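The structure appears below as C-alpha cells.
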There are 4 protein chains.
Amino acid sequence: MVIVMEKHTPESNVERVTAELVRRGFDVHRSTGVDQTVLGVVGDVASIDPREFELFEGVQEVVRISEPYKLSSRQFKRDKTIIKVRGVTIGGPDVVVMAGPCTIESETQLFETARRVARAGARVLRGGAYKPRTSPYAFQGMGVEGLKLLRAAADECNMATVSEVMEIGQIEGMLQYVDILQVGARNMQNFNLLSALGQIRKPVLLKRGMSATIQEWLLASEYIMSGGNYEVILCERGIRTFETYTRNTLDISAIPVIEKLSHLPIIADPSHAVGRRDKVMPLARAIIAAGADGLLIEVHHDPEKAVCDGPQSLYPEQFARLMDELRIIVPAVGRRL
Amino acid sequence: MVIVMEKHTPESNVERVTAELVRRGFDVHRSTGVDQTVLGVVGDVASIDPREFELFEGVQEVVRISEPYKLSSRQFKRDKTIIKVRGVTIGGPDVVVMAGPCTIESETQLFETARRVARAGARVLRGGAYKPRTSPYAFQGMGVEGLKLLRAAADECNMATVSEVMEIGQIEGMLQYVDILQVGARNMQNFNLLSALGQIRKPVLLKRGMSATIQEWLLASEYIMSGGNYEVILCERGIRTFETYTRNTLDISAIPVIEKLSHLPIIADPSHAVGRRDKVMPLARAIIAAGADGLLIEVHHDPEKAVCDGPQSLYPEQFARLMDELRIIVPAVGRRL
Amino acid sequence: MVIVMEKHTPESNVERVTAELVRRGFDVHRSTGVDQTVLGVVGDVASIDPREFELFEGVQEVVRISEPYKLSSRQFKRDKTIIKVRGVTIGGPDVVVMAGPCTIESETQLFETARRVARAGARVLRGGAYKPRTSPYAFQGMGVEGLKLLRAAADECNMATVSEVMEIGQIEGMLQYVDILQVGARNMQNFNLLSALGQIRKPVLLKRGMSATIQEWLLASEYIMSGGNYEVILCERGIRTFETYTRNTLDISAIPVIEKLSHLPIIADPSHAVGRRDKVMPLARAIIAAGADGLLIEVHHDPEKAVCDGPQSLYPEQFARLMDELRIIVPAVGRRL
Amino acid sequence: MVIVMEKHTPESNVERVTAELVRRGFDVHRSTGVDQTVLGVVGDVASIDPREFELFEGVQEVVRISEPYKLSSRQFKRDKTIIKVRGVTIGGPDVVVMAGPCTIESETQLFETARRVARAGARVLRGGAYKPRTSPYAFQGMGVEGLKLLRAAADECNMATVSEVMEIGQIEGMLQYVDILQVGARNMQNFNLLSALGQIRKPVLLKRGMSATIQEWLLASEYIMSGGNYEVILCERGIRTFETYTRNTLDISAIPVIEKLSHLPIIADPSHAVGRRDKVMPLARAIIAAGADGLLIEVHHDPEKAVCDGPQSLYPEQFARLMDELRIIVPAVGRRL
C-alpha cells in the first residue's frame, strides 16, 4: 500500500500517519521529494481499509497495490489450470464448445438438440433445470426431472453436462447428474453459495456479474477456491453499459486480460451477451479469435417453440455452420477444435 | 405491444406477422401510413418475448408498452403505501431516519451508538449481523448473538430495528428480533430469497442493485408482493458508473422517479453510495431535499475502531448536526422530522 | 509515481526498470518487502506514460500519484475562487441562480421570461443563440440577433448574461453581449476552443462532458486556466449511465467532491440532467442542499410553445415556488439566496 | 410515434391528446383494449419532442418508432456503400488494414514505419498531424509539415492516407495531402465540424464517441451525409464503462449491429480501445472475425521512443505476424486480405 501525502503538508501530519502504521505493525518506507512525501507500507495490508488513512489530515490518496485475490492469480500459479471432466479437457490446446438449450423442456427437445450439437462437435451439453427469471410470473424450470434428462441425453451422445445451480439446497441433488455446476451472473456475489461450492469436488463455471469488475470476478472465484475446489472456469457474458441496442455489451477484452491475470480457463457466452440469434455467430467467432478456451452457446432444435430465450438460440444447422467457421479460425490462435 | 414494420416492406411480411399474432389469440390493430405500417397488439402480451417478433422478416422494431410490474405500480394503487412498525410510520408526513453501525460488534458499541442516534432523532436502529463481504478473508458477522443485542438496544431506546438477511435459512431466526428485513444490493435479484420474503408479514427494505434499472428494481419488489407481503420499502444506494471517484454514483433522480411510478415508500442510503464520511452529510441533505421518505445511514460511536466501513460512518456528533440541518430542510418539501 | 513489481520477480527485472528511470533523470526510492518490491519515482513524472513501464518484464502495476491538474487544484490554491460579474458574486456566501429559456426565440419570449425570473430572484439570464443539435434537421439558433436581445433583456432586469459558445469563430462577436461564456457538455474536450477561451478575460462556465470523469473535467478547466483566464465556473449536468429513465444521471456527489478537490465554483443544471419539468424541482433542491454555489435552470414564459426543450422548462410560477423552497433550504448549508 | 395512455384514464384525457395531435396535422389511429388505450401517430413525427406529450395528463409513455437517421440507414439504401480511394476499396470483399504511428514525429520514423506496414499488407497509412491531448501540457502535433511527410511516405509505398482533422480551419490545408479525413471520438458531436465535412468530396472516417449510442453515431454520420458527402466510414474504438482495466471497452457487437442497421462500411480501432500492445492483437483478430470491413491500428518502428501512445503501438514484426493470423481468419467470414 502506498500513501501519498498532500503537497507541502506539515511534517506533523506525515508523522501522525507513520506512527499509526507502525502501531499496527507495518513497516514504513518514506520517499521525500521536493514538494511531496510518499509512504510505502509493507506487511499484511489486506487487513487495512484504505479509506481509514485517506481521512487522516494531509493525506491526498491511498493506493492499494497488492491484488486482493491470490489463488486465482498468475503470480500464485504460473501454469494454466487444465480441467478434465468426462474425457473433455478445458484450458488445453482444444477449444471446447458447450451447447444446448437455455431450458430443459422435454425429452424430445433435449435429445434432439443434443444429437445435433454433438454431431457438429460440441463436447459439453448445457441445459437449465432451475431458472432465475426477472419476472415472478414466468416458467421456473423442470428441476430434478430435467437433470435426469440432461444426464441421459449427454450419456447417449458421449458428452459432459453443465447446468446452473441457484441455491445451496440444490447442490446435493445436482451432483449425480451434472459434471460442471454453473453459477449465473446474478449470483456471482452470492457468497454463501460460492462458499458451499468450494466444498464440492466438481468444476464450477462462474459467470461474470453484469456489473462486476474483473477484480471482483476473480475475488468471487477466490471464494470457491479458498474452500479447496480449484476447478473454476470463468465465463464472460456481457456487462451492462449505456448502449441498449444489445442486451449487454460483451467485454471481448476480458479474454486477453484474464489470460494475463489468472491461470483459470476463460470462456464466453455470446448468446446472453447479445440476446439475438443473428448477432450470436459473429460474436462467437470473435470470442475464439480473441483466444478464449471455449464457448457456451444456446442451440434449440426448434427455437420458435422454446419456452425461454428462443430468439437467441441458434438453429442446429446454424450451429453446424458456426463450428465450420471456427475450425477455420482456430489455427490462427494456435488451437484445435 | 407495438410492432413497427420496416418501410416499404412487402404486404406479405405484414400478413405473416399478423397471422402469427392472431394464431396466438391477440387482437391486432393496424395503422398504415404513407411508407410504414404499425401494428398495435392487444391481449396478454406479458407472455410474449418481443425478440420473437423482431426476428420476423420485415420487422423493424418491437416495442413493449405495458409495464411488466403491477402490484408496485401507481396505476395499480394510487395512494402511497404507509408502513407502520413499532410506532414508526414510513411513507407518511414524517421523514424517518434509520441509523446505526454497519456491523454489530459488541454490546458497548451498539448500545452506545443507539443511545446517541436515538437522542438525535433516529427512529429505527440499523446493524448487520450477517455480512456479505467481497473478500472471503473478512469478518462475516456476529449472527444471532448480534440480533439479540440489536433488539435489546432498540428496546431500551424505543426504536424499531432493521437488519440484513442474506439467505432463506436466516429468515426464521431473524423474525423475533428484527422489525424490518433488509435485502442487500447484491441480492436484489436473488429470486428465491425474494419469494421467501413474500411469505412473511414484516416489512422488507429492498436495496437497489448496483446495476439494476428502476424497472428491474420494481420487478424485484413484485417478487415479494406477489407472495402477499405488500410492505416493501425501496432504498436507493448508488449505481455503478464509469466515475470511480466515489464508490458508487447516488442516483438522486430515482427519488422523484419512484415517487411517480410507484406507491411504495422510497428512502436512500448515502453512506454506501459515497463511501466516505466527509461526503455523507451533503448527500443526506440532498436526499431529503429531493423528497425521499427517509434515510438509512451509518453511525458508529467510535469509527476508527469499527471492524467494517468505519471510514463511511458518521461520528455521533456529526449525525446530530446532520439532523439539525435536516430539520431546517424538511419544511421545504412539506415534511416533518 | 509508484512502480509495483510482481511477487518473486528476479532482481534483474527490478534493476532494468531502475536503470531506465535513472537514465531519464528520476530519483528512485526502493522498498523491499518479504515477497514484493515497490519503487517510488520522484521527479517530473507528468512526462511519463505509465504504460511504458507496465510493459517491462516483471512489472505488476504502475500507479500515478500526482494529480495531473494543477491550477484548478485546492493544493495549488487553498482559497475558494470568487468570481464577480456585473454585481453578481459566484462562489461566495450567496447561492446564485441562473435562469432563462433554452433558446432565444423572440423579443416577447425573452423579455417576458427575464422579467419573471428576475422578480423571483434569479441574478443571471441564460439563453442560447447558437445551438448544438443532435439532429442536423433541427433549428440552429438566432445567432447575434439573439445575443442583442439577451443583453437588452438582462440590462432592463439588472442581470448578468450567460450563453453558449460553440466554436472559436463565435467568441469575438459574443464578448460585447455576454458576461459568462458557456462551454457545452459536447465541447468539454474541444481543446482548441478551450485554449481560445483561455485568452479572453471573461468568466467561462464549463459543463461536464456526458462521460467525463471528474479528473478529465478538471483537466479541461486547466486548458482554459493555463492561458491566463482563471475565472472558470464548473457545471455538473448529468452523466451517461445504463439507467435510461432519466435523460442523464445527475452526479450529485460531484458537488462535494469538487468542493474538496478544487477551489473553483461549482453549480449544477437540473434541467438537462433530468429532461422533464416534473423532476427538475426536486433535483434543484437537492443540488442546493448538497452545497452547490448555484443553479443553471431553464424557464420559459410559455413552455408549450418553446422551439426547444420545452418539456424540461419550468413555468415562471413553478420557478418562483422553487425559489421560495430554496430560501428555506439555504440556511442548512450556511448560505444565503 | 405511439402514445400509450395510462390504464383506466378518463376518456377526456385521451381526447385532449388526440385533439392536440390533430391540431398539429397528424393522423391518429386509436387502439382500445380492455383497460388501456394506445394511439398510433402518423405524419412527420420527427418534428415532435416526445416529452411534450409525456407531460399530458393520463399519458404513460411516448414511444418513438421511426429511426431519426435516414441517409445512413439500410432502409434508405439496401446495398452496402463501397468507397474507393487511390485504388483501395473499402466495404467490398477485401478487408482493409490502415496502419501507422499515432503521431507523425519525423521523416525517419514515418518512412521506416510505412515501409514495414506496407510490406506486411496495410493499404492505408495513418498518422496524426494535429493531436487532441487531454492535458494542455503535452505535444500537439507537427501540423502541415507532418502531412507532407505522410503524403510522401504513402506515395513511396503506394498507399492511401488517413489523418485526423480537429477543426474547420484545418480542412482546406489537409485536402491535398490526406485521402481520408478522420474525425476523432471527442469530436463526434462537433456539429459545425461535421457540417463542414459534408461539403468536401473526400471520405470521412467517423470514430464513435466514447459515450455515444449507436443511434447518435449514425445521426452524426447524417450531419456529414446531409451536406452531400456520402462517403462515411464508421470506426468503433471502445466505449466508456465501469471496467477500468482496459482504457475503454471495445463494443464488438457494434460490428454486426451496424452491418444490419446501416449500409456504411464499419471498421474498428483496437489500439485505442485497449490501450496496451499485448491486448491489441487478440482484439484485432476478434474484430475481423466479427465481420468488420477493416482495421485502424497503431504501429511504430520503435515504440519505446514514440512521443505518444507508444505502449499501444505494435512493433512492425508483431504487425506482420498479426497480418498472417488475419489471413487465416478471413475465409471464415467470406473475405480476402
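The values are calculated or read from the model by the stated rules, or taken from the named source; none is laboratory data. For clarity, every value in this text was computed on a predicted model and none was experimentally measured. Counting neighbours? That spans all protein chains shown, and the Cβs are built from the backbone with ideal geometry, glycine included. Accessible surface areas use protein heavy atoms only, side chains included; no ligands, DNA or RNA. Shrake-Rupley method; radii C 1.70, N 1.55, O 1.52, S 1.80 Å.
Just one of C:Asp79, C:Asp44 is acidic (Asp, Glu) and either under 30 Å from C:Gly128 (Cβ atoms) or touching a residue at least 40 places away in the same chain (Cβ under 8 Å) (or both); which is it? It would help to see each step written out before you state the result.
Values: C:Asp44 fails: either under 30 Å from C:Gly128 (Cβ atoms) or touching a residue at least 40 places away in the same chain (Cβ under 8 Å) (or both).
Going through C:Asp79, C:Asp44 in turn, just one is acidic (Asp, Glu) and either under 30 Å from C:Gly128 (Cβ atoms) or touching a residue at least 40 places away in the same chain (Cβ under 8 Å) (or both): C:Asp79.
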Would you check if A:Tyr223 is in contact with a helix residue (DSSP H, G or I) (Cβ under 6 Å, 6 or more places away or on another chain), away from chain B (no Cβ under 14 Å) and either within 21 Å of A:Leu110 (Cα to Cα) or at pLDDT below 95 (or both)? no
Return the residues of the stretch D:244-255 that are assigned to a strand (DSSP E or B) and either at the interface with chain C (Cβ under 10 Å from one of its Cβ atoms) or touching a helix residue (DSSP H, G or I) at 6+ places or on another chain (Cβ under 8 Å) (or both); say none if nothing qualifies. D:Thr249
Quick count over the stretch B:40-61, residues being at pLDDT 85 or above and open to solvent by less than 20 Å² (accessible area, probe 1.4 Å), is 3
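With respect to D:Leu150, determine if the residue is part of a strand (DSSP E or B) and either away from chain C (no Cβ under 14 Å) or open to solvent by less than 30 Å² (accessible area, probe 1.4 Å) (or both).
Values: part of a strand (DSSP E or B): no; either away from chain C (no Cβ under 14 Å) or open to solvent by less than 30 Å² (accessible area, probe 1.4 Å) (or both): yes.
Answer is no for this residue.
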Within the stretch C:203-216, can you find the residues that are free of Cβ contacts under 8 Å to residues at least 40 places away in the same chain and either hydrophobic (A, V, I, L, M, F, W, C) or more than 10 Å from chain D (Cβ to nearest Cβ) (or both)? C:Val204, C:Leu206, C:Met210, C:Ala212
Return the residues of the stretch A:153-171 that are among the polar types (S, T, N, Q), open to solvent by 10 Å² or more (accessible area, probe 1.4 Å) and outside any loop (DSSP other than H, G, I, E, B); say none if nothing qualifies. A:Gln170
Quickly run through the stretch A:262-294 and pick out the residues that are of a type in the set (A, V, I, L, M) and not in a helix (DSSP H, G or I). A:Leu264, A:Ile266, A:Ile267, A:Ala268, A:Ala290, A:Ala292
So D:His301 ticks every box in (1) out of contact with any strand residue (DSSP E or B) (no Cβ under 7 Å at 6 or more places or on another chain); (2) touching a residue at least 24 places away in the same chain (Cβ under 8 Å); (3) buried (at least 23 other Cβ atoms within 10 Å of the Cβ) but one. Which box is left unticked? (3)
Checking A:Leu194 against (1) crowded, with 20+ Cβ neighbours inside 10 Å; (2) more than 9 Å from chain B (Cβ to nearest Cβ); (3) under 24 Å from B:Ile168 (Cα atoms), which single condition isn't satisfied? (2)
If you scan the stretch D:81-99, which residues turn out to be assigned to a loop (DSSP other than H, G, I, E, B) and surrounded by fewer than 16 Cβ atoms within 10 Å (Cβ to Cβ)? D:Ile82, D:Arg86, D:Gly87, D:Pro93
Tell me, please, whether a residue that is acidic (Asp, Glu) and open to solvent by 30 Å² or more (accessible area, probe 1.4 Å) can be found in the stretch A:234-242. no
Which pairs do you get when a residue that is more than 18 Å from C:Lys84 (Cβ to Cβ) and aromatic (Phe, Trp, Tyr), found in the stretch C:225-252, comes within reach of a residue that is modelled with pLDDT of 90 or more and outside any strand (DSSP E or B), reach meaning Cβ atoms under 7 angstrom, with the pair 6+ apart or on two chains? C:Phe242/A:Arg240; C:Phe242/A:Thr241; C:Phe242/B:Ser211; C:Phe242/B:Thr213; C:Tyr245/B:Ile214; C:Tyr245/B:Val257
All positions within the stretch D:304-316 that are of a type in the set (Gly, Ala, Ser) and either more than 9 Å from every other protein chain (Cβ to nearest Cβ) or open to solvent by 10 Å² or more (accessible area, probe 1.4 Å) (or both): D:Ala306, D:Ser313
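What residue, among those in the stretch C:226-243 that are polar (S, T, N, Q) and within 12 Å of chain D (Cβ to nearest Cβ), is farthest from the chain's Cα centre (by Cα)?
Going residue by residue through the stretch C:226-243, those that are polar (S, T, N, Q) are C:226, C:229, C:241.
Now drop any that are not within 12 Å of chain D (Cβ to nearest Cβ), which leaves C:226, C:241.
Values: C:Ser226: 16, C:Thr241: 18 Å.
Per the stated criteria, the residue is C:Thr241.
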Condition (residue is within 14 Å of chain A (Cβ to nearest Cβ), assigned to a helix (DSSP H, G or I) and buried (at least 21 other Cβ atoms within 10 Å of the Cβ)) applied to the stretch B:319-334: is it met by at least one residue? no
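Let's see how each residue does on (1) touching a Ser or Thr at 6+ places or on another chain (Cβ under 8 Å); (2) within 13 Å of chain B (Cβ to nearest Cβ); (3) of a type in the set (Lys, Arg):
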| position | (1), (2), (3) |
| --- | --- |
| A:Leu71 | yes, yes, no |
| A:Lys80 | no, no, yes |
| A:Thr89 | no, no, no |
| A:Leu110 | no, no, no |
Within the stretch D:12-22, track down each residue that is open to solvent by 30 Å² or more (accessible area, probe 1.4 Å), at pLDDT 90 or above and more than 13 Å from every other protein chain (Cβ to nearest Cβ). D:Ser12, D:Glu15, D:Thr18, D:Ala19
How about the stretch B:168-189: which of its residues are over 14 Å from B:Glu145 (Cα atoms), within 14 Å of another protein chain (Cβ to nearest Cβ) and of a type outside the set (Gly, Ala, Ser)? B:Ile168, B:Ile171, B:Val183, B:Arg186, B:Asn187, B:Met188, B:Gln189
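Just the residues that are in contact with a strand residue (DSSP E or B) (Cβ under 8 Å, 6 or more places away or on another chain) and not in a loop (DSSP other than H, G, I, E, B), please, taken from the stretch B:100-119. Quick ask: steps written out before the conclusion?
Kept after step one, since they are in contact with a strand residue (DSSP E or B) (Cβ under 8 Å, 6 or more places away or on another chain), are these residues of the stretch B:100-119: B:100-104, B:110, B:113-114, B:116-118.
B:Gly100, B:Thr103, B:Leu110, B:Thr113, B:Ala114, B:Arg116, B:Val117, B:Ala118, listed by residue number.
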Of those in the stretch D:70-80 that are of a type outside the set (Asp, Glu) and open to solvent by 10 Å² or more (accessible area, probe 1.4 Å), the residue nearest to D:Ala120 (Cα to Cα) is D:Lys80
Filtering the stretch C:267-280 for residues that are closer than 15 Å to B:Ile252 by Cβ, crowded, with 22+ Cβ neighbours inside 10 Å and of a type outside the set (Ser, Thr, Tyr) leaves a count of 8
Which members of the stretch C:267-284 meet the condition of being within 11 Å of chain B (Cβ to nearest Cβ) and of a type in the set (A, V, I, L, M)? C:Ala268, C:Ala273, C:Val274, C:Val280, C:Met281, C:Leu283, C:Ala284
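Can you confirm whether the stretch B:257-266 contains a residue that is within 14 Å of chain A (Cβ to nearest Cβ), touching a residue at least 40 places away in the same chain (Cβ under 8 Å) and open to solvent by 10 Å² or more (accessible area, probe 1.4 Å)?
First pass over the stretch B:257-266, keeping only residues within 14 Å of chain A (Cβ to nearest Cβ): none.
No; the residues of the stretch B:257-266 include none that is within 14 Å of chain A (Cβ to nearest Cβ), touching a residue at least 40 places away in the same chain (Cβ under 8 Å) and open to solvent by 10 Å² or more (accessible area, probe 1.4 Å).
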